[in-house]
Amino acid sequence: MEKIKCLITAGATREFFDPVRFISNPSTGKMGISIAKACRDLGWQTTLVLGAVQAPAPEGVEAVWAVSADDMLRETSKRFDDTDILIMTAAVSDMRPKKKFSHKVKKEDLNMAVEFEPTPDILKTLSARKKSQILIGFAAETNDVISYAKKKLGQKNLDAIAANNVSKPDAGFASDFNEISLIFKGGEILNLGRGTKDELAKNLAKILQKRFF
Ligand code: CTP
């Protein structure tokens, strides 16, 4: 049997304002890296597109690096047609400075208003090209977690979305723990509960295998 081909994104993208300053978010990539290990252990052919992360890329997984949302879109887009399942755990910076300086801006010149523009939505862009690929999103929410996650599931045309509450103490961003509810297209909700990211990733990968392959 052919191996399931899986593309996972993890970590934070960065949008540079000048060569030494950027806008980003607190993601460390742990959830995506745990999922990549779990998919690899199921025997899937696993590619991990990494933004800024604070853990090494696991062995037995192809690692590809991306800095900005544009880089991540390019690297995922290149591989998307030959992928069975895309799992987007990356925390993509939603905005970038409109103007990027090629030189380091001096401190005394930093008292300026910075204008931002949106970055591309990777999941939305790729789901518009979807053929038979399964698309899984991760929703980072601080409030109304399930309703916002459901909205994203529809807007991004996903097969399922893992909703996590990033405002809970010791869960979500940078923590070794997380708490996930998996919402499927059609509305079914599976509560995976709280656990280490490794435990949740194993459980999630098994559920995805059973449900989609
Ligand atoms: N995502 C993406 N491209 C972006 C932003 C997010 O592909 N530019 C993906 C994330 O990887 C995640 C899902 O969309 O799988 C939801 O991301 P999230 O940050 O929760 O939501 P946003 O779409 O950014 O919306 P908002 O910031 O308004 O909550």
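Just so it is clear, none of the values below were taken in a lab; they were calculated from the coordinates. Just so it is clear, the model here is predicted, and its values are computed rather than measured. No Cβ is skipped: glycine too gets one built from the backbone with ideal geometry, and neighbour counts run over all protein chains shown.
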- Query: Which residues, counting only those in the range 10-20, are touching a helix residue (DSSP H, G or I) at 6+ places or on another chain (Cβ under 6 Å) and either part of a strand (DSSP E or B) or among the acidic types (Asp, Glu) (or both)?
  - Reply: ALA10
- Item | Within the range 30-54, tally of residues that are part of a loop (DSSP other than H, G, I, E, B) and either among the hydrophobic types (A, V, I, L, M, F, W, C) or farther than 15 Å from GLU75 by Cβ (or both) | 5
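Go through the range 126-148 and count every residue that is surrounded by 14 or more Cβ atoms within 10 Å (Cβ to Cβ), farther than 19 Å from GLY11 by Cα and within 11 Å of the ligand (Cβ to nearest atom).
Count: 3.
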- Message: Tell me yes or no: at least one residue of the range 106-119 is in contact with a Leu (Cβ under 8 Å, 6 or more places away or on another chain) and not aromatic (Phe, Trp, Tyr).
- Response: no
- Item | Positions within the range 166-213 being aliphatic (A, V, I, L, M), outside any loop (DSSP other than H, G, I, E, B) and buried (at least 17 other Cβ atoms within 10 Å of the Cβ), in sequence order | ILE180, LEU182, ILE183, LEU192, LEU200, ALA201, LEU204, ALA205, LEU208
- LYS78, sole failed condition from (1) away from the ligand (no atom under 13 Å from the Cβ); (2) without any contact (Cβ under 8 Å) to a residue 60 or more places away in the chain; (3) under 20 Å from PHE177 (Cα atoms): (3)
